[in-house]
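What follows is a short report on a single structure.
The values are calculated or read from the model by the stated rules, or taken from the named source; none is laboratory data. What you are looking at is a predicted structure, and each value in this text was computed from that prediction instead of being measured. Every residue, glycine among them, receives a Cβ derived from its backbone with ideal geometry; neighbour counts consider all protein chains shown. For the accessible areas, the whole protein counts, side chains as well, though only heavy atoms, and no ligand, DNA or RNA atoms are used. Shrake-Rupley method; radii C 1.70, N 1.55, O 1.52, S 1.80 Å.
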Amino acid sequence: MAILLNQYYLQIAVFVMVNAILGVSIYLTLSTGQLSLGNAGFMSIGAYTCAILTVKAGLPVYLAIPLGGLAASFISIIIGFPALRLTGIYLAIATLGFGEVVRVIVLNLKITNGALGISGIPTLGTKIGKILSSFGLSKFGGFSAQQVSTLLVLVILLLVLAFLIFFCIRLNRSRVGRAFAAIKADESAAEAMGINTTYYKLLAFALGALIAGIAGGLSAHLTFFIGPKDFAYHRTVEILLYAVLGGSDLVIGPIVGALILTLLPEVLRSASNYRLMIYGALLVTMMAFRPQGLISEETVRYWKGKLGRGSKQ
């Protein structure tokens, strides 16, 4: 128990949750077959919006984070109308360019402090710690206030992730989800059947941006500082790898990919200088030997059948 409550491990668990939320954002975008590389840009919009609202406008964190997600979603709708006319690699290049444009804008805006970034961001753990102290709970059940506040942050993130998983499962079983699946399978056939492909593609794009913006806001309020380098090209590659490694057929796939790729740098800390090389090799290997990712619909059916046979015996 002492090892599990170690502050280092708790922080890693918190970042796993944030990255899992980002995995859900890329899943929603890919659910209509759109290869978007703009999630890091939407994440930066959400992070900077939340940081500016809390640090410079004094807005409460619980209001700033949803507003950051809405800001990212609003921008996604603006760029989505022209960008979603593109498909495949052309859409990927366009959205990758969007992410770089956002980073350059952030570097040159006075309100974002340019390359210096924004520091002094109130963290969720600090906020919760102050609330606990106001109730005289500086220690609770033998745990320190810092441990309790981090555990509560982890619980909040787990609840957010659980809600997003539930939302995606319900969405997939709805008329909207069936439209997403039809567009992913064959966009021309879906359009011939009367599905408004532009509307549904834009909806998936906006939902993915909303969740990425919320993840950015959460990330900003889990650390003391954010800067343009936090949302550079490497972040785009990481988010894409969540889906490539875990799989994009099911919502659990990118979440598993986020879990593995968040823990991997900690396991291979001695090789941190070669992290991007390892990610590149991992991407090539997955594309060559298992392009559908670790978890696919076939994988789930296989294990269900195997477990079903095992229970009958």
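Condition (residue is more than 22 Å from LEU91 (Cα to Cα), of a type outside the set (Gly, Ala, Ser), open to solvent by less than 50 Å² (accessible area, probe 1.4 Å) and at pLDDT below 90) applied to segment 265-274: is it met by at least one residue?
Yes; the residues of segment 265-274 include at least one that is more than 22 Å from LEU91 (Cα to Cα), of a type outside the set (Gly, Ala, Ser), open to solvent by less than 50 Å² (accessible area, probe 1.4 Å) and at pLDDT below 90.
Results for (1) closer than 22 Å to LEU152 by Cβ; (2) part of a helix (DSSP H, G or I); (3) more than 18 Å from the chain's Cα centre (by Cα), shown as yes or no for each residue.
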| site | (1), (2), (3) |
| --- | --- |
| TYR9 | yes, yes, yes |
| ALA13 | yes, yes, no |
| ASN19 | yes, yes, no |
| GLY23 | no, yes, no |
| THR32 | no, no, no |
| LEU37 | no, no, no |
| ALA40 | no, yes, no |
| ILE45 | no, yes, no |
| ARG85 | no, no, yes |
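One line per residue, one yes/no per condition, for (1) open to solvent by less than 10 Å² (accessible area, probe 1.4 Å); (2) within 16 Å of GLY216 (Cβ to Cβ); (3) among the aromatic types (Phe, Trp, Tyr):
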| residue | (1), (2), (3) |
| --- | --- |
| THR29 | yes, yes, no |
| ASN39 | yes, yes, no |
| THR49 | no, yes, no |
| GLY58 | no, no, no |
| PHE74 | no, yes, yes |
| THR112 | yes, yes, no |
| GLY120 | no, no, no |
| ILE131 | no, no, no |
| SER134 | no, no, no |
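For segment 210-237, how many residues meet the condition of being in a helix (DSSP H, G or I) and open to solvent by less than 20 Å² (accessible area, probe 1.4 Å)?
Residues in segment 210-237 being in a helix (DSSP H, G or I) and open to solvent by less than 20 Å² (accessible area, probe 1.4 Å): 11 in total.
Go through (1) open to solvent by 80 Å² or more (accessible area, probe 1.4 Å); (2) within 30 Å of THR197 (Cβ to Cβ) and name the single condition TYR62 misses.
If we test TYR62 against (1) open to solvent by 80 Å² or more (accessible area, probe 1.4 Å); (2) within 30 Å of THR197 (Cβ to Cβ), just (2) comes out false.
Select, from LEU250, LEU240, LEU210, LEU245, the only residue that is within 29 Å of LEU282 (Cα to Cα) and modelled with pLDDT of 90 or more.
One residue alone meets the criteria, LEU210.
Do we have any residue at all in segment 284-295 that's surrounded by 16 or more Cβ atoms within 10 Å (Cβ to Cβ) and over 22 Å from the mean Cα position of the chain (by Cα)?
no
Working only within segment 92-125, note down all residues that are in a loop (DSSP other than H, G, I, E, B) and either over 20 Å from ASN39 (Cβ atoms) or of a type outside the set (S, T, N, Q) (or both).
Within segment 92-125, LEU109, LYS110, ILE111, ASN113, GLY117, GLY120, ILE121, PRO122, THR123 meet the criteria.
Read through the list (1) touching a Pro at 6+ places or on another chain (Cβ under 8 Å); (2) closer than 18 Å to PHE42 by Cα; (3) open to solvent by 20 Å² or more (accessible area, probe 1.4 Å), then give the number of the only condition that SER248 fails.
Against the list (1) touching a Pro at 6+ places or on another chain (Cβ under 8 Å); (2) closer than 18 Å to PHE42 by Cα; (3) open to solvent by 20 Å² or more (accessible area, probe 1.4 Å), SER248 comes up short only on (2).
Of all residues being touching a residue at least 24 places away in the same chain (Cβ under 8 Å) and more than 13 Å from GLY177 (Cα to Cα) in segment 189-205, which is surrounded by the most Cβ atoms within 10 Å (Cβ to Cβ)? Just the residue, please.
The residue in question is PHE205.
Any idea which of LEU264, LEU259, LEU241, LEU222 is more than 30 Å from SER73 (Cα to Cα) and within 19 Å of the chain's Cα centre (by Cα)?
One residue alone meets the criteria, LEU264.
If I filter segment 52-72 for residues that are hydroxyl-bearing (Ser, Thr, Tyr), at negative phi and part of a strand (DSSP E or B), do I get at least one hit?
no
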